[in-house]
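Below is one structure, written out as structure tokens, with a few remarks after it.
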Amino acid sequence: MKAHIALLPGDGIGPEVTTEAVECLKVIASRFGHEWRLEEAIVGAAAIDATGMPLPPATLALAKTADAILFGAVGAPRYSDPAHKVRPEQGILQLRQELGLYANLRPVVCFEAVRDTSPLKPELLEGVDILVIRELTGGIYFGEKTRTETRASDLCVYTVPEVERIARLGARLARERRGKLTSVDKANVLETSRLWRSVVVRVMKEEFPDVLLDHMYVDAAAMHLLRRPSDFDVLITENMFGDILTDEASMLAGSLGLCASASIGASTRGLYEPIHGSAPDIAGKGIANPYAAILSAAMLLRHSLRLEREAKALEAAVVAALSAGVRTADLKPRGAPASTRDAGDAVRAALAR
Ligand code: IPM
Ligand code: MG
């Protein structure tokens, strides 16, 4: 097939890890007989430096016309001062909103070969396979904001359709997995959570009576993710809770550097990004872990291009690289750590076999 893929590497380690993912996509193209048109654009701090805007119109136009977007990371210390009005992070937030990417799929998988990198006891990690679906275009991230000298506010808003579509997506994906859906909220305190819970209950009762549903307060969920992680199958939650819980859950996988994500909406056009940030402290050194970016490229093949065989091949190649002991510095290497390029090369070598 032919596909048009937008590359938005962004800031910090974004470009380094995206490069490795792109090289893997090229190997997939030649091995499976596809043709990619790859087009790069600036976003985040790099775009503010060049244009004054974190999401320049040309980048947005490209994102809106491409079949899929491979995204790196945004954020830079030079823009982290709270006084800055224009911030790199606005680049990704605007992209999510403009493209209507309302659901963020974040799989949390424990790869056998790197189980020792998790700070949790190995016996707790047995059978851990969680799919977190984070609502991505609503809630406190996008509500009205106010700020005076002495007071600030961020409004948290949810509407019924916004919750319905997440509940339906979660239930559909749960059906393809172990048939269990956990909805996480704070319904004992927040009105938006009470709306969330009642909508989830209704949708599940009317449309998905076969899916096993339970509810958990977000504080309890944070605890149970560490206490009995293998009990979770699909977890749905609102934007902010999902942001926090997935960084926590990455410790089940062993490293943020192993966690991929897919942001999807009503069409097949999606945005794929590692859940780690720009990691400015290690940027430019060639030591960042590219596996999450490569696994994000696999999600791109699966969700936007509907190339399941190719997605599986790429995922299997990552597993092969990990099993061969190719570990970047974040993965507790036994000897000298692999470089970003070494890890990408190991995946491509496995793809070629
Ligand atoms: C994420 C990130 C973003 C978020 C930032 C960079 C705006 O933390 O994708 O998890 O908070 O959504
Ligand atoms: Mg985050």
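The values are calculated or read from the model by the stated rules, or taken from the named source; none is laboratory data. Bear in mind that the values here come from a model prediction, so they are computed numbers and not experimental data. Because the Cβ atoms are built from the backbone with ideal geometry, glycine has one as well, and the counts that use them run over all protein chains shown. Areas reflect the complete protein model, heavy atoms only, side chains present, ligands, DNA and RNA absent. Shrake-Rupley method; radii C 1.70, N 1.55, O 1.52, S 1.80 Å.
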query: Which of the aspartates and glutamates could a cross-linker bridge to K205, judged by Cα under 17 Å and excluding same-chain residues fewer than eight apart?
result: E164, D214
message: Students often forget the sequence filter, so: which lysines lie under 22 Å Cα-Cα from K121 once same-chain residues fewer than 8 apart are removed?
response: K332
- prompt: For segment 119-253, which whole percent of the accessible surface, found with a 1.4 angstrom probe, sits on carbon and sulfur atoms?
  reply: 56 percent
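Accessible area of segment 276-321 with a 1.4 Å probe: how many percent of it is carbon plus sulfur?
C and S atoms contribute 60 percent here.
Report, in debye and to the nearest 20, how large the dipole of segment 184-290 comes out about its Cα centre when Lys and Arg carry +1 and Asp and Glu carry -1 on their Cβ. Could you put the intermediate results ahead of the total?
On the way: 9 positive and 15 negative charges, 13 e Å.
Here segment 184-290 has a charge dipole of around 60 debye.
Dipole of segment 63-202, Cα-centred, from +1 at each Lys and Arg C-beta and -1 at each Asp and Glu C-beta, to the nearest 20 debye?
On the way: 23 positive and 18 negative charges, 65 e Å.
My answer is approximately 300 debye.
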message: Going Cα to Cα from K85, which lysines come in below 20 Å? Please leave out same-chain ones fewer than 8 positions away.
response: K145
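Where does the chain land on Rg(C-alpha)/(2.2 N^0.38 Å)? Walk me through the numbers on the way to the answer.
Details: Rg = 19.8 Å, N = 353, 2.2 N^0.38 = 20.4 Å.
Normalised Cα radius of gyration, the chain: 0.97.
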query: Taking a quarter of the surface of the Cα convex hull of segment 119-253, what do you get in nm²?
result: 9.0 nm²
- prompt: How many Å² of accessible area per residue for segment 119-253, probe 1.4 Å?
  reply: 49 Å²
statement: Toy charge model, Lys and Arg Cβ at +1, Asp and Glu Cβ at -1: the chain dipole around Cα centroid in debye, rounded to 20, equals 500 debye
query: Which one of D342, D11, D81 has the biggest mean-square fluctuation once the chain is modelled by GNM with Cα springs under 10 Å?
result: D81
- prompt: How much area per residue is accessible in segment 1-98 when the probe is 1.4 Å and only protein heavy atoms are counted (Å²)?
  reply: 42 Å²
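Per residue of the chain, what 222 nm ellipticity follows from adding -39500 (n - 2.57) for every DSSP H run with n ≥ 4, rounded to the nearest 500?
Numbers: 12 runs with 149 residues, N = 353.
Using -39500 (n - 2.57) per qualifying helix, the result is -13000 deg cm²/dmol.
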- prompt: For segment 288-353, with every protein chain kept in place, what is the accessible area per residue (1.4 Å probe, Å²)?
  reply: 39 Å²
message: So, taking all protein chains as they sit and a 1.4 Å probe, how much accessible area belongs to R172, in Å² rounded to tens?
response: 120 Å²
